[in-house]
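A quick write-up on the structure given underneath.
The values are calculated or read from the model by the stated rules, or taken from the named source; none is laboratory data. As the structure is a computational prediction, the values presented were derived from the model and not from experiment. As a convention, Cβ positions derive from the backbone with ideal geometry for all residues, glycine included, and neighbour counts pool all protein chains shown. In case anyone asks, the SASA skips ligands and DNA or RNA and just uses the protein heavy atoms, side chains included. Shrake-Rupley method; radii C 1.70, N 1.55, O 1.52, S 1.80 Å.
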Amino acid sequence: MDASLTFKSGFKDVIPTLFGYIGVGLAMGIVANTSHLSVLAVLLMSLIVYAGSAQFIIISMLLAGSPISAIVLSTFLINSRMILMSMSIAQYFKKDSLWQNLALGSLLTDETFALSMNKINQTDHQLRPRWLHAANIIAYLVWAAATVVGCLLGHLIADPNQFGLDFAVVGMFIGLLYLQIITDRSKTLKTQLLVVLFVAIAMYFLMRFFPGNIALLIATLLGCGFGMAVTAHD
């Protein structure tokens with residue numbers, strides 16, 4: 001990763017994260033196939049919903065015969081963290097049009113957000129729409145393709161977890177966290193490790209009382225506050 005913010009650079013920078021999309025996308029497609037969803041349904045879900053964890057929940061709720069209102073509400077709650085991510089990254093596109101911001105926010109994911117946070121360490125805290133468009137669009141297309149392939153191969157693989165596909169996204173985020181820590185020179189290593197430890201502990205206890213995605217949202221807000229307090233103290 002370098003300081004270039006061209007469309008080509010966005011394509012190049014997003015490549016390492018694609019393995020996470022492919023692994024989880026294949027797993028999602030396989031689960032959808034075993035749940036008797038058609039390839040067309042899987043493709044449309046990936047293009048319209050475009051949210052890995054939410055798509056797994058939607059499939060399970062459809063099988064359970066849950067009402068549409070419950071499915072919509074669950075999907076919103078699961079993806080509510082994207083509100084925080086979009087607000088955080090919007091500051092780098094204040095000079096761009098509303099339509100540019102809407103397009104960027106519509107395809108923003110956990111992975112491209114984390115990639116952006118790593119990128120600003122190389123670009124003096126600057127981002128360009130063409131760079132993020134490239135990362136978002138490539139990730140979007142790869143995710144859709146991976147879920148379709150997974151659905152087509154579903155009858156050949158009974159348990160996708162035996163291949164470790166469920167760990168692909170975890171491994172990818174560990175790598176992105178490592179890159180963020182070693183490249184962000186605006187904060188000390190001690191401060192970053194303290195925030196990571198605080199969020200991990202907060203998640204551990206919050207998971208005892210809240211669903212996973214709600215716990216993640218609360219832990220993120222607490223982590224932001226803790227990070228601000230530690231930084232101010234330093």
Accessible surface ranking that places the most exposed of His125, His155 first, with a 1.4 angstrom probe: His155, His125
Where does each of Asp2, Asp110, Asp13, Asp124 land when they are ordered by accessible area, with a 1.4 Å probe and the largest first? Asp124, Asp2, Asp110, Asp13
Quick check: residue separation of Lys190 and Ala229 times 0.36 nm, minus the Cα distance between them. What number comes out in nm? 12.7 nm
What percentage of the solvent-accessible surface of region 119-160, computed with a 1.4 Å probe over protein heavy atoms, is contributed by carbon and sulfur atoms? 63
Return one whole number: the accessible area per residue of the chain in Å², for a 1.4 Å probe. 55
Report the Cα-based extents of the chain along its three principal axes, largest first, to the nearest Å. 54, 43, 35
Gain upon complete extension [Phe205, Ala64; 0.36 nm per residue less C-alpha separation]: 47.8 nm
Region 1-135: relative contact order as a whole-number percent, Cα under 8 Å and 6+ apart: 45
Residue-normalised 222 nm signal for the chain, counting each DSSP H run of n ≥ 4 as -39,500 (n - 2.57), nearest 500 deg cm²/dmol, is -23000 deg cm²/dmol
Hypothetical label at Leu152: residues of region 20-36 whose amide nitrogen lies under 14 Å (7 Å Cα-Cβ projection): 26, 29-30
Three principal axis lengths of region 64-153 [C-alpha, angstrom, descending]: 49, 31, 23
Spin-label proximity, Ser97 to region 103-144 - amide N less than 12 Å from point 7 Å beyond Cα toward beta carbon: 103
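Remind me, relative contact order of the chain in percent, using alpha carbon pairs under 8 angstrom and six or more residues apart?
36
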So how tilted is helix 68-78 from the main axis of the chain? Cα-based, degrees 0 to 90, rounded to 10. 30
